[in-house]
Amino acid sequence: MKVTDYSTIAARYDDNPVRHYIPRDEYIERHYTARRPIFCVLDLACGTGNYLAKQISEYRNHSISWIGIDKSPEMLSVAKKKGISAELLIGDACDVPLDGSSVDYVSVRFAFHHFQDKQKAVAELARVIRPGGGVRVFNLAHEYMRSSWIYRYFPGAEPIDRDRFVDGITMFKWFTGHGFNVELDVHTVIRQFVYDDIIKEVENRDMSQLNLITETEYRDGLSKMRADAEHTDGLLGDIAFMDLYARKIG
Ligand SMILES: C[S@@+](CC[C@H](N)C(=O)[O-])C[C@H]1O[C@@H](n2cnc3c(N)ncnc32)[C@H](O)[C@@H]1O
């Protein structure tokens with residue numbers, strides 16, 4: 001599996017507006033209980049801390065201890081500059097630097113495909129989450145994206161993603177196998193993608209796909225997009241999201 005080097009992406013990651021579209025995570029409310037002396041939320045592979053910043057603001061009236069863990073010191077350094085009131089730790093999802101049964105709720109956003117030993121990461125989630133606690137894994141659903149602009153303009157990214165992303169049925173089985181009750185939704189959006197927007201995204205090059213293909217593939221795809229944008233505003237395409245929620249039995 002190809003591994004993305006976030007040290008070269010961290011400085012421009014937040015320049016993509018898409019990185020800031022983060023809704024209130026209602027699953028925190030679902031799990032929150034003021035009876036516990038410390039209710040702990042972990043953002044695993046927290047990157048530049050955007051999810052934490054948003055949820056800390058949304059849940060400012062709750063008594064919650066927040067932790068962010070990421071493998072990339074450069075991504076974490078961007079998060080630290082935001083002054084987020086969370087403990088930010090360097091760590092690997094496949095070897096989480098936390099005690100067993102120490103966390104009530106975990107969020108993993110747009111990151112699961114990066115984990116090198118994915119079954120080990122699920123085992124680690126099962127270890128650190130308290131009985132009754134939960135985890136939400138939100139990610140692209142690669143197998144449902146047959147008309148994605150990414151693969152249309154950068155076809156070399158498709159086999160790379162096929163190798164990195166885990167399909168929903170497998171994810172469901174892995175979490176069930178580790179003692180979770182699982183709910184899994186796939187949400188497909190079909191719409192007209194505006195060239196001006198997606199070209200800006202491609203130029204910012206914060207998406208891992210665009211860092212794992214060759215320079216020639218990147219330049220060719222971007223040139224084709226710019227050429228197509230000359231005679232039409234948008235492109236009909238799809239994007240799909242996997243939303244897995246798992247509650248640890250007990
Ligand atoms: C696309 S970014 C997502 C960041 C953040 N969750 C967000 O939604 O903006 C993927 C992140 O996963 C981190 N990452 C990759 N492999 C990891 C691993 N094995 N353990 C922890 N973090 C990892 C990267 O450093 C990067 O910050």
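The values are calculated or read from the model by the stated rules, or taken from the named source; none is laboratory data. Everything quoted here is computed from the prediction, not taken from an experiment. Methodologically, a virtual Cβ is constructed for each residue, glycine included, from the backbone with ideal geometry; neighbour enumeration extends over all protein chains shown. For accessibility, only protein heavy atoms count, side chains too; no ligands or nucleic acids. Shrake-Rupley method; radii C 1.70, N 1.55, O 1.52, S 1.80 Å.
I'd like the distance separating the alpha-carbon centroids of the stretch 180-214 and the stretch 93-166, in whole Å.
15
With just the Cα atoms of the stretch 79-196, tell me how far they stretch along each of the three principal axes, in Å, largest first.
Each principal axis gives a Cα extent; for the stretch 79-196 these are 45, 39, 23 Å.
Roughly how big is the chain's charge dipole about its Cα centre, with Cβ charges of +1 (Lys, Arg) and -1 (Asp, Glu), in debye to the nearest 20?
Values: 32 positive and 37 negative charges, 168 e Å.
Dipole about the Cα centre, nearest 20: 800 debye.
Using all C-alpha to C-alpha distances in the chain, build P(r) with 5 Å bins and read off the rounded percent in each one.
Result returned by the calculation: 1, 6, 13, 17, 19, 17, 13, 8, 4, 2, 1, 0, 0.
Convex hull volume of the Cα atoms in the stretch 1-119, per residue, in Å³? Numbers along the way, then the final one.
Values: hull volume 13.0 nm³, N = 119.
Taking the convex hull of the Cα positions in the stretch 1-119, it is 110 Å³ per residue.
Output ³J(HN,Hα) for the stretch 88-94: one whole-Hz value per residue in order, computed from phi by the Karplus curve 6.51 cos²θ - 1.76 cosθ + 1.60 with θ = phi - 60°, and x for Gly and Pro.
Going residue by residue, I get 10, 10, 6, x, 10, 4, 8 Hz, with x marking Gly and Pro.
I need the Kirkwood Rh of the stretch 166-241: take the reciprocal of the average 1/r across all distinct C-alpha pairs and report it in angstrom.
On the way: mean 1/r = 0.0659 Å⁻¹.
Kirkwood hydrodynamic radius for the stretch 166-241: 15.2 Å.
Compute the angle between helix 118-128 and the longest alpha-carbon principal axis of the chain, please, reported from 0 to 90 degrees and rounded to the nearest 10.
30
If you fit an axis through the alpha-carbon atoms of helix 215-229 and take the longest principal axis of the Cα set of the chain, what angle between them do you get, 0 to 90°, nearest 10?
In the chain, helix 215-229 runs at an angle near 70 degrees to the longest axis.
Tell me which residues come under 5 Å, amide H to amide H, from D43 once H is placed; ignore anything under 5 positions away on its chain.
HN-HN under 5 Å from D43: I67, G68, I69, S107.
So how tilted is helix 195-204 from the main axis of the chain? Cα-based, degrees 0 to 90, rounded to 10.
Helix 195-204 and the main axis of the chain meet at about 70 degrees.
Students often get this wrong, so check it: of K71/K248; K80/K120; K81/K200, which have C-alpha atoms separated by over 30 Å?
Values: K71/K248 25 Å; K80/K120 27 Å; K81/K200 25 Å.
Cα-Cα > 30 Å for no pair; all within.
Given a 1.4 Å probe and every protein chain left where it sits, what share in percent of the accessible area of the chain is carbon and sulfur?
Of the solvent-accessible surface of the chain, carbon and sulfur hold 50 percent.
Using the heavy atoms of the protein chains alone and a 1.4 angstrom probe, what is the accessible area of the stretch 34-107 per residue in square angstrom? List each step's numbers first, then the result.
Values: 3260 Å² over 74 residues.
I get 44 Å² per residue for the stretch 34-107.
Sort 109-118, 30-39, 169-178, 43-52 by the packing proxy (mean of other Cβ within 10 Å over each peptide's residues), most packed first. Could the numbers behind the result be given before it?
On the way: 109-118: 18.8, 30-39: 12.0, 169-178: 16.0, 43-52: 25.3.
Taking the mean over residues of other Cβ atoms within 10 Å, the ranking is 43-52, 109-118, 169-178, 30-39.
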